[in-house]
Structures are given as structure tokens and as C-alpha cells.
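S.K.: The following block contains the structure, expressed as C-alpha cells.
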Amino acid sequence: MIFSLDILILISTFIFFSGVLGLVINKRNLLIILMSIELMLVGVNLNFIFFSVYLDDLFGQIFALYVLTIAAAESAIGLAIFIIYFKEKQTIFLDGFIRARG
């Protein structure tokens, strides 16, 4: 391998926590929330792939492909909800949604 497993895990952890940080910092913009969730899924998938290559096992790569398939379906449903919300409210900020529920 070109990189050691420690560096690769550090990279995937950084990607995952940048998604968590985007989710924690910005709770108002629906599009950034969806992108942060996708970043978190990419970080987890990279861990599956890195450990699969390190352990010379194919199941981690198959599971990562499965998670990517589920993430694509989640993204399509999320974008449909995003479009409906934008048509109704004419904004992508969740201020009105939070005040209506609270």
C-alpha cells in the first residue's frame, strides 16, 4: 500500500467529522444538511473500503456499495422533499419549519 492504514483512517475520520460539523453548525439550510449527511456516509464508506483492502476481504467493499445505493435513494427522496418545501415556502431555510413545530 502507498499509505499506511492510520493515515487513511485519519482522512476518513476527517471527512466524517466535517460532515458532523456542517450538520451541527448549520441547522437552518436544508441543502447543507443533506450535503453534510452525504459527507458522513462517504467517511463511513471509506472506512469500509480501507479495512476491506487491508484485511483482504471483499465484504467491506460490497457493503460500501450497498450503503452507496441506499445513500442514492436517500438523496433522491431528500431532494424531492427539498423541492416540495421550496415550492411551498419559497426559501430553503428551515426557520419557519422550526417555529411552526416549536
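Only the coordinates and a few stated rules stand behind these numbers; no lab work does. Keep in mind the model is a prediction, meaning the values are calculated, not measured. When we count neighbours, we look across all protein chains shown, and the Cβ atoms used for this are built from the backbone with ideal geometry, even at glycine.
S.K.: Hey, can you list the DSSP H helices of the chain whose Cα span along the axis is 20 Å or longer and whose average Kyte-Doolittle score is at least 1.6?
M.R.: Helices meeting the criterion: 5-25, 30-55.
S.K.: Work out the FRET efficiency for Lys89 and Glu38 from their Cβ-Cβ distance, taking R0 = 22 Å, and round it to the nearest 0.05.
M.R.: Details: r = 23 Å, r/R0 = 1.03.
That pair, Lys89 with Glu38, gives E of 0.45.
S.K.: Given 37 °C and 0.692 mPa s, compute D for the chain with the Stokes-Einstein relation, Rh being the Kirkwood radius over Cα pairs; round to the nearest whole µm²/s.
M.R.: For these conditions, the coefficient is 215 µm²/s.
S.K.: Which one, Asn45, Thr69, Val24, is farthest towards the positive end of the dipole of the chain when Lys and Arg carry +1 and Asp and Glu -1 on their Cβ?
M.R.: Val24
S.K.: I would also like to ask the following. Sort 64-73, 26-35, 44-53 by the packing proxy (mean of other Cβ within 10 Å over each peptide's residues), most packed first.
M.R.: Ranking the peptides 64-73, 26-35, 44-53 by packing returns 44-53, 26-35, 64-73.
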